[in-house]
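Participant: Here it is, the structure in full.
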Amino acid sequence: MNRKADVVVIGGGPAGLAAALQADAAGASVLVLERDKEPGGILQQCIHNGFGLHYFGEELTGPEYAGRFIDRVKQTGIEILTDTMVLEFTADRRVLAVSAEHGLLEIEAGAIVLAMGCRERTRGALSIPGTRPAGVFTAGCAQRLTNMEGYMPGRQVVILGSGDIGLIMARRMTWEGAKVMAVCELMPYSSGLNRNIVQCLVDNDIPLKFNHTVVRIHGRERVEAVTISEVDVKTKRPIPGTEETIPCDTLLLSVGLLPENELSIAAGVEMDSVTSGAVVDEERQTSIPGVFACGNVLHVHDLVDNVSHEAELAGRSAAAFAKHPAPAARAHRVIAEGGVRYAVPQMLSDKAEGKIDLYFRVGDVYRGAALLVKSGERTLLRRKKPIMTPGEMEKVTVDVTGLTDDVHLSIETEG
Amino acid sequence: MTKEMICISCPMGCMLTVVQEADGEVRVTGNTCKRGETYGRQEMTCPMRVVTSLVRLEGGVRPVCSCKTRQPIPKAKIPQALEEIAAQLKRAPLRRGDVVIADVAGTGVDVIATSDIAAR
């Protein structure tokens with residue numbers, strides 16, 4: 001089947017839905033392609049609350065946050081094809097997808113919004129020695145089994161990694177009657193939110209072991225125990241003699257998220273090696289004209305509220321491009337350096353002017369340091385921050401009118 | 001009574017020391033702002049939490065439906081609330097906002113559905 005749409009959105013999670021709504025509001029015909037049975041993405045399994053404080057001004061659970069967007073979409077002419085998997089898209093904006101209901105779909109798009117989200121790093125990415133028994137899950141997989149499919153993944157649990165999903169699952173499994181023995185974190189700090197450390201671990205007397213990792217998994221058919229060990233703070237190597245074997249039937253991994261960019265890479269989109277997402281300009285346009293990216297496929301966010309805002313920008317930009325396909329030329333780079341790990345957008349187009357939000361992450365914990373944004377000799381912003389941590393995405397707003405040089409972000413620590 | 005706690009009002013995560021005297025007077029130290037004091041006081045006197053969980057479902061497209069307490073409830077009431085939620089068996093469809101349990105654990109707070117689950 002051949003089809004056409006002004007804006008084709010790949011992915012029907014929070015990013016895809018917010019982008020679709022804005023593109024629709026701008027007068028574009030919008031088609032959303034979603035591989036799951038329903039829209040809403042990963043929010044559907046995030047049944048805890050804490051979503052939406054910035055966007056809606058109240059605390060919602062994941063399904064409620066998604067539900068509000070789905071309700072809005074239903075009041076528009078936006079079409080969502082579920083159970084539909086995109087196989088590829090091309091630089092001339094043809095999208096090839098497949099679904100059981102519609103067979104092979106070839107869609108001619110005025111503009112494309114990439115909103116595929118991210119996936120979890122798995123055991124394979126960690127190379128933990130030991131046997132290969134059942135009972136090793138990524139935290140998000142256990143979350144889906146528990147919260148959507150109604151299965152209990154295990155009864156006695158060790159969690160590796162203190163990312164937010166791991167922390168949330170520590171509480172979830174405890175509340176479902178499991179015993180969570182420990183959460184091990186390789187780093188000397190958690191990448192999760194303080195709130196989750198307190199309300200998920202401290203509230204339930206679950207120990208959080210910094211500078212610890214899992215060095216062996218035991219068990220033939222099913223996990224029977226894991227051996228954990230303290231690691232050297234600098235080398236991250238296990239310290240001999242610090243091993244401790246904890247009996248358990250389940251190991252959950254919460255060890256990072258990776259933007260799901262196979263489609264983007266195959267299409268030839270220029271990628272950022274730090275974010276593992278596309279290089280975009282202030283409109284969230286990638287290196288391929290008419291192809292935009294937003295949400296966790298662009299860079300992994302902490303808060304869905306930021307995803308929604310970013311996706312709305314991408315949706316508006318995509319609708320504008322579909323109406324007037326005028327590729328913007330890239331004028332200046334936005335360069336992260338001196339303690340700043342990455343910044344999005346990575347580029348400013350020749351159309352960039354006025355106030356622009358720059359999102360960034362730092363590579364270490366900084367207290368009382370300042371963020372410096374410079375372009376040539378011009379200081380665009382110097383903002384003192386009480387604390388910046390790798391786990392919290394930061395945002396600053398700068399005026400980029402009349403720039404003549406690249407923009408540099410760096411951390412200024414007081415000497 | 002003295003409690004050490006991490007303030008969760010912002011990413012700073014100040015380490016608070018909260019002291020409650022015999023006459024009930026609460027003192028908070030270690031905070032760098034007013035929000036820390038409010039948080040410490042609340043956590044010492046009556047910590048409150050929104051409880052999110054699952055209710056079992058018959059005849060739905062999924063076997064469970066997510067739910068939450070409409071407002072925060074006292075932390076001490078969480079185990080009883082979880083027990084009452086686990087004892088429920090509802091019939092699909094459920095719609096966001098539907099009351100699953102009225103007045104859970106004697107808190108005066110309702111548990112409501114947070115997902116839309118259609119009937120099978």
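Participant: As an exercise, identify the trypsin sites (Lys or Arg not before Pro) in the stretch A:139-186 lying in DSSP coil whose Cβ has no more than 13 other Cβ atoms within 10 Å.
Facilitator: Those that pass, being in a loop and sparsely packed, are A:Arg155.
Participant: Sticking with this structure for a sec: Give the long-range amide H neighbours of A:Ile239: residues separated by 5 or more places, or on another chain, with amide H under 5 Å away, using H modelled in the peptide plane at 1.01 Å from N.
Facilitator: Sorted by chain and number, the residues that satisfy this are A:Glu230, A:Val231, A:Asp232.
Participant: When the Kirkwood radius is taken over all Cα pairs of the stretch A:175-297, what Stokes-Einstein diffusion coefficient follows at 20 °C and 1.002 mPa s, in µm²/s?
Facilitator: Rounded, D is 121 µm²/s.
Participant: Only counting other Cβ atoms within 10 Å, I'd like A:His102, A:His332 sorted with the fewest neighbours first.
Facilitator: The most exposed by this proxy come first: A:His102, A:His332.
Participant: How long are the three semi-axes of the equivalent ellipsoid for the stretch A:329-415, computed from the Cα gyration tensor as the root of 5 times each eigenvalue, in whole Å, largest first?
Facilitator: Sorted largest first and rounded, they come to 22, 13, 10 Å.
Participant: Could you calculate the contour length gain from A:Asp92 to A:Ala266, that is, 0.36 nm times the residue separation minus the distance between their Cα atoms, to one decimal place in nm?
Facilitator: Value of the extension gain: 61.3 nm.
Participant: Taking only pairs that are 8 or more places apart or on different chains, how many Lys pairs in chain A have Cα atoms under 25 angstrom apart?
Facilitator: Close lysine pairs under the 25 Å cut-off: 21.
Participant: If you don't mind, there's one more thing I want to ask. With angles folded into 0 to 90 degrees, how steeply does helix A:62-74 sit against the dominant principal axis of chain A? Use alpha carbons for both and round to 10.
Facilitator: Roughly 20 degrees between the two axes.
Participant: Percent antiparallel among DSSP beta bridges with both residues in the stretch A:122-255, to the nearest 5?
Facilitator: 40 percent
Participant: Along the three principal axes, how long is the protein assembly as shown when you take its alpha carbons, biggest first, rounded to the nearest angstrom?
Facilitator: Its Cα atoms span 70, 65, 50 Å along the three principal axes.
Participant: Long-range amide H contacts for A:Cys184: which residues qualify at under 5 Å (H placed 1.01 Å from N, peptide plane, sequence gap of 5 or more or a different chain)?
Facilitator: Correct list: A:Ile159, A:Leu160, A:Gly161, A:Lys209.
Participant: Treating only the Cβ of Lys, Arg, Asp and Glu as charged (+1, +1, -1, -1), what charge dipole size does the stretch A:329-415 show about its Cα centre? Round to the nearest 20 debye.
Facilitator: For the stretch A:329-415, the charge dipole is close to 180 debye.
Participant: From the phi of every residue in the stretch A:332-348, what ³J(HN,Hα) in whole Hz does the Karplus formula 6.51 cos²θ - 1.76 cosθ + 1.60 yield, where θ is phi - 60° and glycine or proline is x?
Facilitator: 9, 8, 10, 10, 8, 7, x, x, 8, 7, 7, 9, 10, x, 8, 9, 10
Participant: Over all alpha-carbon pairs in the stretch B:2-45, figure out the percentage whose distance exceeds 16 Å.
Facilitator: 24 percent
Participant: Grab the DSSP H runs of chain A that are 4 residues or longer, score each as -39,500 (n - 2.57), total them, divide by all residues and round the 222 nm result to the nearest 500 deg cm²/dmol.
Facilitator: -5000 deg cm²/dmol
Participant: Something else: Per DSSP H run of n ≥ 4, the term is -39500 (n - 2.57); total these for chain B, divide by its residue number, and report the mean residue ellipticity at 222 nm rounded to 500 deg cm²/dmol.
Facilitator: Rounded to the nearest 500, the figure is -5000 deg cm²/dmol.
Participant: Given 5 Å bins starting at zero, what is the percent of C-alpha pairs of the stretch B:52-113 in each, up to the one with the largest pair distance?
Facilitator: 4, 20, 34, 23, 12, 6, 1
Participant: Follow-up question, since we're still on this one. Which whole number gives the average count of other chain Cβ atoms within 10 Å of the Cβ atoms across peptide B:108-115?
Facilitator: Average neighbour count from other chains, rounded to a whole number: 3.
Participant: Could you run the Karplus curve 6.51 cos²θ - 1.76 cosθ + 1.60 with θ = phi - 60° over the stretch A:185-192 and give me ³J(HN,Hα) per residue in whole Hz, x for Gly and Pro?
Facilitator: Using θ = phi - 60°, the values come out as 10, 5, 7, x, 9, 9, 8, x Hz.
Participant: Report, as an integer, the average count of C-beta atoms from other chains found within 10 Å of each Cβ along B:77-84.
Facilitator: Neighbouring Cβ atoms belonging to other protein chains average 1 per residue here.
Read the figures in this text as sums done on the coordinates, not as results from a lab. Treat the numbers as computed from the prediction; the structure is a model and nothing was measured. Methodologically, a virtual Cβ is constructed for each residue, glycine included, from the backbone with ideal geometry; neighbour enumeration extends over all protein chains shown.
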